Every structure is written in C-alpha cells, then in structure tokens.
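Written below as structure tokens is the structure these notes are about.
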Amino acid sequence: MASVHESLYFNPMLTNGVVHANVFGVRDWVTPHKMALLVLLSELGRAGAQLGLLERRRLNRLLLPLLQGPDMSLSRLRKAIEECCPHLAGSVHIRLKLMAEGELKDMEQFFDDLSDSFSGTEPEVHKTSVVGLFLRHMILAYNKLSFSQVYKLYTALQQYFQKDEKKDGADENEMELTNPEELDGKMEKEELDGPLREEEIACSGPLSQKQAEYFLSQQASLLKNDETKALAPASLQKELNNLLKFNPDFAEAHYLSYLNSLRVQDVFSSTHSLLHYFDRLILTGAESKSNGDEGYGRSLRYAALNLAALHCRFGHYQQAELALQEAIRIAQESNDHVCLQHCLSWLYILEQKIFDSCVLLEHSVNKSLHFGLPYLASLGIQSLVQQRAFAGKAANKLMDALKDSDLLHWKHSLSELIDISIAQKTAIWRLYGRSTMALQQAQTLLSMNSLEAVNVGVQQNNTESFAVVLCHLAELHAEQGYFAAASEILKHLKERFPPNSQHAQLWMLFDQKIQFERAMNDGRYHVADSLVAGITALNSIEGVYRKAIVLKAQNRMSEAHKLLQKLLIHCQKIKNTEMVIRVLLSIAELYWRSSCHTIALPVLLQALALAREYSLQYLASETLLNLAFSQLILGIPEQALNILHMAIEPVLAHGAVLDKGCAMFLVAKCQVASAASYTPQKKIEALESAILNLNEAKTYFAKVDCKEQLRDVLYFQARLFHTLGKTQERNKCAMLFRQLHQELPAHGVPLINAFK
C-alpha cells in the first residue's frame, strides 16, 4: 500500500535537475534556486549595517515573492538582486561559484553554518519569522535527504550555475557583434521584462506544495480582480496540467482549472474539472477534517449546486434543474439551511426562464435575512429591483429599495455588491431614459476605490459591473457625438477585458452598435449591413432589429415589415417591452413611407400606452414626436405643435444628439406649416423662428455627421430664405445642399415622409 500512497504525491526522484525530499509532513524541498536564496539570506546577514536603508527596504520587498514564488534561472535572480543592491548580487554570485566549483563538503558546511543564524541572545533571524521558517524548512528538508540525493542536489547545483555561465558567455559574444544602438534597445527591452511579471510566473518543473498553493491563490486572485494580469488561458492550463501530473489529487488545482475553462466558455473541460474537484475533496478527506462526519454530504450537495450553476451559465436549463433537485434533496436530508437558500436563489433563476414570479425571490430574501446571509439577501433585492424595473414600477420606489440594499452592503463591507448596485442604478436610469442620471451613477462607480485588498500593480474592480458601466458610458458619449471619447473608452475596455475574458462580449456588442449607428448616420448602409451579423451573434434580438432598420433605409419595405412583425411577436412573447415599443415605432415609419398615414396612428397610440404603462419616459416622448409628425402629415400642424411643446423637453434634456436634431427639425416643419394661415407680418416672424430652429437642428446633425438629415435641413432652409427674399443666404444653402446631394444621392423618398 505504501507505493500506492506515494504515487499520489510528488515524484521523490530527480526531475528536471530538482531533488525532491518527499517525506510525509514535509511541505518543501531543496532546489538549486532555493540554495541561491539561502546564499542571498546568508550574505544579507553578513552585510548588516553596511547596507543602506533604501537598499534594505528594496531587498525586503523582493524577498517575499522570491521565497513564495516558483524557481527561476540564476540570471533572472541575479538581475532582480542587482536592481536592489549590485554589491550584494556580486557577493551571491561569488559564493555560489565557490560552492559549485568546489567540493561536496563545501555544500555540507554551508548547511551546517545556516543553523548559526538562530544562535545567540540576539539572533540574526527569528525562528517564527518568514525568513526563519524558510531557513528551518530548508535545513529540515536537507537533513532528510539520503547520501545519493545529496549528491544529486550537488550535481543539480553545478548544472544550475554552469547554465548561467554559458548564458553569460553567449551574451558577451552577442554584445561584441552588436552595435551600441541595438545594444541599448536590447537592454531597455530586458529591463522592461522584469523578473516578477505575473505573466512570467510559470512552473519550470514540479512545484513544492507551498509554491503550488501560492501559485494557485495568486492566479485565482488575479482572475477575480484583474484577469489581464493572470496567465493566458492556454498557459495557465499548461501549468495546471503540470501540477496535476505530479499530484493528481490536488483539489484546488482542479478548481482553478474549472475557473480557467469558464474563461473560454469550454463546457466540457469546466464540467470535468468541477467534478474532479469535488471527487478529490472527498477522497483527500479535507471536508471531513473541517466539518466532521458532515463533510462528505456537504461536498456532495455543494457539488450538485455548483453543477446546476454551471449548466445554467451555459443555458442547459433542464440539466441544471435536475442537478438543483439533487442538491435540494441532499440539503434537506442534512438540514442545511444555508445550502437550501442558495438552491432557492438558483431555483428562482431557472423558474424565471419559464414564467415571471417574484414569490420565490421574496421568500428567498426573507429567509436569507433570517439566517444571516446578507450577501444572498442583497442579491435577491437586486434581482427584485431588476424584475420590477422591467414591470414598469416607479423609479423612486426602486431607488428606495436599492438604498436599503446599499445600507446592507456598507454595513457588511460587501464591495462587489456595492458595485453591482451602482451599475444597476445606471442601467435603470438608462432604461427610463434619464441619461444625465445614468452618467452621474457611472461616474460614481468609476471614481470609487475597491474595499478589497489587492496586490500593488493589480488593476482593481475588473468586474462585470465596471464593464457594464463603461459600456453605458461609451454609448452615452457616442449618442452625444463624442465619438473620439467613446473610442477611447472602448479602447480601455479592450485592454481591461481582453477578447478571451468572460465579460468581453459586453463591449463587443456596444462597439458593434456604435459602429452601426455611425454607418447609418453617414448613409453607408452596406457597412451597417455587414455589422448586423456581428450584432446578431452577440444579441439575436438586437441583430434582427438592426437588420430591419437597414432594410427600411434601403427602401425594401415589404422585407422590413415581415421581419419587424416576426420580431414584434417574439418580443411580446418574452415580454421585452422596450424592444416592442421600438419595433412599433419602426412599423409606424414604414406606414408613413408607404403613404398609409392613418394606419400608423393606432400603432403609435399602442406604443404610447405601453411606454406610459411601463414608465419609459424617453420612449414615450419619442412616440409623441412621431404622433406630432403624423398630425403634421394629416394637415393639423397646430395640434402637432401643442404635442411638441409637451414632448420636446425630455428629448432636449436627456436625448441623443440625433433625436434632438430631429425634434428641432420637426418643430421647424410645424412652424412653417402653421404659418400658412398667419398674417404677412406674423408669417415672416414664424419663418424666421423656423430658420433659427433649423440652424439648431443643423448643429446637432453636424455633430453626429448625419449627412442625409443635413441635406434635408439645407434644402428646407434654402426654400425659406427664398420665400423671405434673402438671396445670398439662399444661394449658400443651395450650394451646400448640392455638394451633399452629389455625395449622397437621394433614394426617391419624399422629404415630408421621414421623421428621422
């Protein structure tokens, strides 16, 4: 049986020049790299007061990652020491050279002398310090080695030193053949490739248990806080496979492999790693030690719960429901209320895919508060707020609920949930059409500092909440015509959330939508059509809607109408009210273009009723603008102006620049149409007022580079100037119109039959 048990641990033989002291209870072993660290500590103790305060601080900061991290080459170690203290780096190199080129007894004497560091009334190193524990582990591991293993260690030390000498010789030859300019560039590049970059942390052979634990905890922390600093998915999986090759029962490595597979949406590998994690957790008895006899059952029920969450993440709702039922059954048998509350939360998520019911969620929130689970209770409140926002509840009631949730967050220092709450507020204000409030909430989150302690150099708050807020911020800037600022935000998103990260799809969708809007504004419909496929891959509903908009712009009315009708039925079925209203507005525009003005009115009234029922103020204002345009076409411009005065304020306060321009253009059209029945003097005043409104509309359209609308405004202004007898202004507008008309030919649609 001894051989079977030993096979579950790290290989005790020499592997890649490393000697392993594989004795049960010993968590570390001696390697040439660690011998170099021992020499560094020895020389550091000898230097004593000769070292300056700044040099000692740098060395102390360097020691911890060196002691905990994986082994590295001697050249990298020397470079790291030289950056802190060049004199000490030379002493370490000389001491290692004497030991490697000497005899075996020199290495024996070195380890014998290490014990002197703890002797005396004021020892150089305290036994319980980080350095003291490292020295004691190394001395213990060395004393456990047999004579043959000591000889192999000495041989490995010689190879370790000789490899560095050969590299130095090759570098010297290369320096002789390289001109000074190239040499300077190379040195700068090497300086940038520092010894402790996170992406450079790689396992050059089997790690000790302590090194492996440090490596796993570090990578897990980076995956949570700053995924860009973690190893790439393929590199991390390679290192994890290397770890598991020497210790297949390392449960934590299986769990990190599960997290790594989730990054690349690999359902097979993530399921495989998750099951292996819980299998190893049960086999090693880790759960039983910490939870008594209950440990085995606890692992099983949480394994089923995690499996349900995994299937739900990938959209496998039937498999998720089966796994969740299994977790509920085991939790009920064990009377585990905490696990049952987590199951109840996931049950609501699964039931939400079938029907909208907040009964389960309200029950979950109450029970979570009863059992002292603030994190779960807060998530439940966030979900309730989101559900009621889609149901059209008043914004003030939702904000009151989020305020109560925020009190819970700050009381328990739930940093992640604070971020989620602010991102939720941003999205709710965007849904209700209050862009100014959404911008304020987004800036609040971006200016906050995380409450969680992270390492220096790690970007804080690389969470989904920040990705959502930054995406909204980019879209808000694009809507106001600040495309350069929006591009900078998207560039930052691409750096912060690389394409292979789990939140990259968010900025990909917003990037495609912004490009689509710019192409439509510029009249490049073929470019917009090419972007539809990318939008559809990320969001099918948005993709179909954008396809219909392109067809409508290309005057393919029947195709656009069929597509919009199918989309309308689907959105009504899934209760996507916002998209239902947008589709109804597009259908009404199709009726205008087909000269079916009276048929468009019931469609617009239906959209207005929905917008008011669900408190979508901005969409309600946009619908009123469309109604005003319908009344203008039907020959009642005075009534259209009355509606405009009621609806235009929210548009000018919170609307996109394009919508503001369309609204002012519509006001000018209504003013001109109403002026037909005025007295000559009053008519001239009305036309001049319309010209001023057209100038404002022209400014808005120029900001978003909307050439088609600019052409229409110039045409309208030229006609008005001609009526007023202002020949010079008329000719200027006519010239600008002709330039745009040649650049952007018309599609044969009458000017009056288009609102946007």
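Miscellaneous remarks
- Comparing Cα centroids, the range 604-643 and the range 497-514 end up 35 angstrom apart.
- Fraction of accessible area attributable to carbon and sulfur, the range 656-755 (%, probe 1.4 Å): 55
- Potential lengthening between LYS97 and HIS741 on full extension [0.36 nm per residue; Cα-Cα distance subtracted]: 223.7 nm
- Electrostatic bookkeeping for MET437 treats Lys and Arg as +1 and Asp and Glu as -1; over the other residues with beta carbon under 13 Å from its beta carbon, the sum is +3.
- The range 439-570, accessible surface, carbon-and-sulfur percent (1.4 angstrom probe): 53
- Taken about its Cα centre, the range 317-368 carries a charge dipole of about 40 debye when Lys and Arg each add +1 at the Cβ and Asp and Glu each add -1 at the Cβ.
- Dipole in debye (nearest 20) - the range 32-166, about Cα centre, beta carbon charges: Lys, Arg +1; Asp, Glu -1: 480
- Temperature 25 °C, viscosity 0.890 mPa s: under these conditions the Stokes-Einstein estimate for the range 209-444, based on its Kirkwood radius over C-alpha pairs, is 124 µm² per second.
- Net charge of Cβ neighbours under 12 Å - reference LEU369; Lys, Arg +1; Asp, Glu -1: -1
- Along principal axes, Cα extents of the range 32-166, largest first, whole Å: 42, 38, 25
- Note that the range 32-166 presents 53 Å² accessible area per residue, ligands and nucleic acids not counted, probe 1.4 Å.
- Per residue, in Å², the accessible surface of the range 604-742 once ligands and nucleic acids are set aside, probe 1.4 Å: 46
- Taken about its Cα centre, the range 209-444 carries a charge dipole of about 660 debye when Lys and Arg each add +1 at the Cβ and Asp and Glu each add -1 at the Cβ.
The values are calculated or read from the model by the stated rules, or taken from the named source; none is laboratory data. Since this is a predicted model, take the numbers as computed values, not measurements. When we count neighbours, we look across all protein chains shown, and the Cβ atoms used for this are built from the backbone with ideal geometry, even at glycine. Areas reflect the complete protein model, heavy atoms only, side chains present, ligands, DNA and RNA absent. Shrake-Rupley method; radii C 1.70, N 1.55, O 1.52, S 1.80 Å.
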